[in-house]
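The next block holds one structure in the form of structure tokens; read it before the comments.
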Amino acid sequence: MRLWGRATAVRRKMLCLWLLLLGFALVTLELSDLFHSRHRDLSHQKPAPPRRPLQRVPNAPDLEVIVDSRDSPAVELGVDLAPIKTLQEDQLLFVPSGQGTKNPQQKKGSYKVLLPGANRDLRVPAPPTHGEMEKAHLEGMEEGMEEGVEKSAVQKYGFNEMVSEKMSLHRRLPEKNHPQCLGGQYSESLPSTSVVICFHNEAWSTLLRTVHSVLDTAPKQHLQEVLLVDDLSQHGHLKSVLSEYVSHLDKVRLIRSTKRLGVGGCRNLGAARAAGEVLVFMDSHCECQKGWLEPLLERVAQDRTRVVSPIMDVIDWQTFQYNATQWPVRGVFDWRLDFYWESKPQLQDKDPDSAVRPVQSPALGGGVLAVDRHFFQSVGAYDPGMLLWGSEQIELSIRVWSCGGTMEVVPCSRVAHVDHHHLPYPLPDQELLQRNKIRIADTWMDAYRKIFYRRDTLAHFIRQSESPNITERLRIKRSLGCRNFHWYLTSVYPQLYIPQDRPTLSGELYNVGTGSCADYPRGLGLRGGAMNAAPCSGTGSQHCDLNSEFEVRWGPMGALCLDASGERVILSPCPTHRPTISRLQWKFIKLSGQLVHQQSQLCLEVVKDGGLTQSSPRDVNTHAKTGGLFLRPCSHHPRQQWHFEQLVAPKGA
Ligand code: UDP
Ligand code: MN
């Protein structure tokens with residue numbers, strides 16, 4: 001029994017031990033479970049692993065997108081310019097004005113995306129400072145190089161930007177309108193206007209002064225919009241800062257071209273995007289007189305085929321002083337197809353109303369031009385084949401007149417323009433300008449184009465080796481039923497002298513004794529002055545024409561005549577009426593080469609080192625070939641022997 005009792009006690013102990021072990025195991029399990037479950041809970045509380053943050057895609061219309069230069073096509077010189085009707089949306093980056101949301105600046109890949117209000121951190125300072133250029137100025141000034149800096153500012157913009165930037169963007173021009181213009185009553189229902197301002201690398205101050213000047217002077221009810229068109233500018237201040245600035249201006253829109261279009265192409269782009277009934281093309285460095293817009297709109301509203309210009313006043317490129325242009329003035333061009341404003345105050349009519357009466361104008365400058373939008377498009381806009389800059393306004397002028405429109409200057413409207421000292425952007429070469437002129441000559445001038453080619457021999461030689469692609473322009477000319485150039489010359493611009501250019505009696509006047517040519521120092525303009533002998537240019541600049549009236553007509557307009565003042569041979573303005581005066585008559589004796597002044601019967605002679613006071617220093621450097629032109633008793637001295645050298649064959653071009 002005792003044995004049974006002991007065995008039972010051992011079994012009980014064993015059972016207890018097992019139970020103990022089991023309980024321990026269970027407790028351990030539970031504890032471990034508990035631990036693990038707490039651990040899971042803790043892991044839930046830990047921050048989530050990093051995620052890509054949500055990218056806010058801002059509303060596209062509020063954005064300015066500056067395309068990285070790598071994305072932009074290389075600067076194209078207008079060779080493949082698309083005509084307006086084929087301009088694609090994707091060629092444009094459109095920045096509407098308006099109340100954009102303020103968001104931080106973001107950068108992404110090759111794009112720099114900027115939202116309005118984000119200019120504080122930019123490298124380019126906010127207005128009214130001027131970015132890199134101003135920085136350069138300031139640095140220069142610190143170094144006490146003010147003069148040198150001014151020079152560079154002038155070099156960069158073609159005018160003294162340092163003076164401009166110190167002036168208010170809202171300066172008011174002194175009143176220069178004729179008293180009869182003041183208080184003029186204009187209809188309330190004048191057409192709406194889009195002012196199209198193209199710019200390429202314009203200075204900040206001049207561009208914004210132009211914009212503010214329009215906003216400050218154009219009546220709100222007539223101003224549809226100011227359309228700024230950036231012709232692929234590179235200056236930093238014309239990018240984000242400008243967009244930001246413009247976004248706060250009511251009625252101002254900004255379009256950027258991704259191609260360099262040039263003056264005409266850029267204006268075509270603006271015209272294609274404009275909404276106003278009337279387009280006003282305006283250079284990016286203008287200031288408007290109070291009341292400038294209404295008289296222009298009135299004239300266009302009365303006749304939608306009228307293209308009109310204000311009187312263009314002048315802002316001095318050095319001082320930015322405002323100079324009013326004297327009335328009457330009209331736009332003309334010469335046989336080298338260069339444009340001028342012709343101011344002839346002496347022609348002021350006795351009639352008191354003439355001071356405020358519009359004057360018909362054979363051509364209008366490009367500075368400011370108002371035209372009905374539909375008429376502009378239907379007459380063929382600007383010729384899209386014109387390269388970058390030059391003579392596009394002459395082409396438009398001839399076309400408007402020849403194809404059913406008219407042009408005039410409106411005297412009660414005045415806008416001032418900064419006349420550059422030089423173009424602020426490089427033209428790749430001189431030939432570009434000649435190519436534009438060749439388009440005009442071949443499209444519009446019929447047989448009269450020979451007169452142009454004789455006075456611009458570079459154009460002649462270019463034309464010999466290549467033909468302009470003007471098929472489309474000729475088609476427009478045909479379809480519009482445009483009149484010929486003879487009609488234009490006789491009906492629109494009868495004051496332009498038509499050279500006779502007879503063989504052996506026209507060309508460079510070559511002197512056998514000195515090997516030089518009769519020359520007239522450039523820059524003396526239409527006033528006339530002393531004649532010299534100078535190296536023959538071969539460019540057509542020394543071309544003259546002995547006509548059937550026995551006048552020796554000089555210059556690209558043929559408006560100056562070989563004249564004598566005592567024994568000095570000079571140029572003076574030719575009489576506008578026939579018959580000419582005898583003092584201006586010359587006889588050329590082919591056999592001896594003598595050119596005999598009819599009134600005095602003296603001969604034209606080159607006198608070495610004579611009368612060079614008016615010549616340019618460049619002329620003085622070429623001693624051997626220069627001299628003054630004088631009248632001397634006739635002899636057979638080689639310095640009295642002359643040939644008319646034709647540079648362009650009579651049948652040429
Ligand atoms: N312009 C342009 N693209 C060019 C060249 C000029 O948009 O390739 C603009 C220029 O900024 C100006 C206007 O066209 O607003 C006329 O040019 P500019 O004033 O240089 O000519 P100018 O008045 O000297 O004849
Ligand atoms: Mn200009």
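The values are calculated or read from the model by the stated rules, or taken from the named source; none is laboratory data. The structure presented is a predicted model; accordingly, all values stated were derived computationally and were not measured. No Cβ is skipped: glycine too gets one built from the backbone with ideal geometry, and neighbour counts run over all protein chains shown. The protein model used for the area step is the full one, side chains on, heavy atoms only, and it has no ligands, DNA or RNA in it. Shrake-Rupley method; radii C 1.70, N 1.55, O 1.52, S 1.80 Å.
A Förster radius of 56 Å combined with the Cβ-Cβ distance from Ser548 to Lys251 puts the calculated FRET efficiency at roughly 0.45. Accessible surface of Tyr510, taken over heavy atoms with a 1.4 Å probe and every protein chain present, rounds to 60 Å². Inter-part distance, segment 521-576 to segment 434-504, computed on C-alpha centroids, equals 23 Å.
Averaged over residues, the count of other Cβ atoms within 10 Å places the peptides 601-607, 185-191, 296-302 in the sequence 601-607, 296-302, 185-191, highest first.
Projection of the Cα convex hull of segment 474-610, averaged over all directions and equal to a quarter of that hull's surface, yields 10.3 nm². Dipole check for segment 373-490: with +1 at the C-beta of Lys and Arg, -1 at the C-beta of Asp and Glu, and the Cα centre as origin, the magnitude is about 400 Debye. What the Cβ-Cβ distance of Asp216 and Trp487 gives, at R0 = 60 Å and to the nearest 0.05, is a FRET efficiency of 0.90. Mean sequence separation of contacting Cα pairs (under 8 Å, at least six apart), scaled by the length of segment 431-507, corresponds to a relative contact order of 35 percent. When the pairs Lys437/Lys477; Lys166/Lys251; Lys239/Lys259; Lys176/Lys344; Lys450/Lys477; Lys450/Lys590 are compared against a 22 Å limit on Cα-Cα distance, Lys166/Lys251; Lys450/Lys590 fall above it.
Accessible area of Trp317 (1.4 Å probe, protein heavy atoms only, ligands and nucleic acids ignored): about 60 Å².
Computed from the Kirkwood radius of its Cα pairs, the Stokes-Einstein diffusion coefficient for segment 234-347 at 25 °C and 0.890 mPa s stands at 141 µm²/s.
The simple Förster model, with R0 at 51 Å and r as the Cβ-Cβ distance, assigns Gln318 and Val512 a FRET efficiency of 0.70.
Between Ile581 and Glu645, full extension at 0.36 nm per residue minus the direct alpha carbon distance yields a gain of 20.4 nm.
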